[in-house]
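The structure under discussion appears below in the form of structure tokens.
Please treat every number below as a calculation from the coordinates, not as lab data. Just so it is clear, the structure is predicted and the values come from calculations on it, not from any experiment. FYI the Cβ positions are ideal-geometry reconstructions off the backbone, even for glycines, and counts take in every protein chain you see.
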Amino acid sequence: MTNTPILVVGSTGKTGSRVAAKLEAQGLSVRRGSRNAAIPFDWEDPATWGPSLEGITSAYVTYFPDLAFPGAVDKLNSFMRLAAASGLQHVVLLSGRGEAHARLGEDVVRNSGIAYTIVRAAWFAQNFSEGYLRDPILSGILPMPGGDIAEPIIDIDDIADVVVAALTDPRHRNTLYEVTGPRLMTFAEMAQALSQAIGRQITHVPISFEDFHANVAASGGTFVADVFTGIARETLDGRNAHTNDGVQRALGRAARDFADYAKNAQSHGAWTDAA
């Protein structure tokens with residue numbers, strides 16, 4: 001494999017930062033795609049897309065904050081047309097499990113004429129340690145809607161490992177990997193695992209979708225809250241209450257358990273303010 005740069009769109013995000021670091025740890029050249037990168041990439045500025053794609057044959061593509069955002073699929077479609085014309089040979093797309101808009105984005109990539117790998121991911125474990133739920137957990141609560149719905153929550157490091165494998169091994173091309181954790185867990189069970197890892201009580205507080213909207217709006221604004229609440233209503237209905245073997249198929253090993261994620265995050269100081 002030549003050391004042609006690999007474009008990582010969203011290189012400052014939860015998955016993109018890990019993918020870029022793992023590729024560089026293998027001695028591979030990475031073009032980090034973000035607004036403040038040496039060669040900037042901005043989904044809101046199509047003029048940045050061409051320079052980012054110049055000389056690139058493989059790319060990891062994420063859309064921040066989600067493919068469900070209005071206009072996201074149209075932007076992805078325009079980007080993929082430009083990528084095909086620019087000589088991109090392989091794209092790895094991060095998709096969301098159970099999301100209708102994400103499926104539309106997957107179709108754009110499948111129909112682009114470019115070899116693809118789609119990584120359709122379950123809900124991120126790192127939302128508890130790096131996302132909007134970290135502060136509530138520091139206060140001892142896990143406020144989530146969905147009642148007793150169970151989710152096969154996934155460690156983002158598993159997602160990154162699957163993406164890196166797809167970017168560095170042609171055997172993963174034209175493949176869909178639906179990646180989940182190894183078991184179903186309710187949010188109450190996740191709170192219990194977090195309690196054991198952190199060493200203090202974390203309590204799941206069932207809330208309504210309206211309260212969830214208000215919580216997200218308080219930190220991210222109404223527009224963001226509208227989209228994320230729509231995703232929560234769509235996906236926290238039991239449709240994702242089953243595991244898939246995407247991690248095993250891609251990597252030849254089982255997905256990491258949530259309890260192991262929680263212990264590892266705690267050992268790296270994710271919730272140090274809780275001590």
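May I ask you to work out the translational diffusion coefficient for the stretch 130-225 at 25 °C, viscosity 0.890 mPa s, via Stokes-Einstein with Rh from the Kirkwood sum over Cα pairs, reported in whole µm²/s?
In µm²/s, the coefficient rounds to 158.
Within straight cross-link reach of Lys22, meaning Cα distance under 17 Å, which lysines are found once same-chain residues fewer than 8 apart are removed?
The reachable lysines, counting only those whose Cα sits under 17 Å from Lys22, are Lys14.
Of the listed values (1) 64, 45, 31; (2) 53, 37, 33; (3) 47, 45, 37, identify the label whose number matches Cα extents along the principal axes in Å calculated from this model.
(2)
What shape does the stretch 190-257 take by its C-alpha gyration tensor, where a ≥ b ≥ c are the square roots of the eigenvalues and a/c under 1.5 counts as rounded, a/b above b/c as prolate, and the rest as oblate?
The shape class here is oblate.
Any idea how far apart Glu24 and Asp45 come out in nm if each label point goes 7 Å out from Cα toward Cβ?
Label-label distance for Glu24 and Asp45, simple model: 2.1 nm.
Which aspartates and glutamates have a Cα less than 16 Å from the Cα of Lys75, not counting those fewer than 8 places away in the same chain?
Lys75 reaches Asp42, Glu44, Asp45, Asp66, Glu106, Asp107.
Find out how many positive minus negative residues lie around Arg249, taking Lys and Arg as positive, Asp and Glu as negative, among other residues whose Cβ is under 15 Å from that of Arg249.
Once positives and negatives cancel, what remains is -1.
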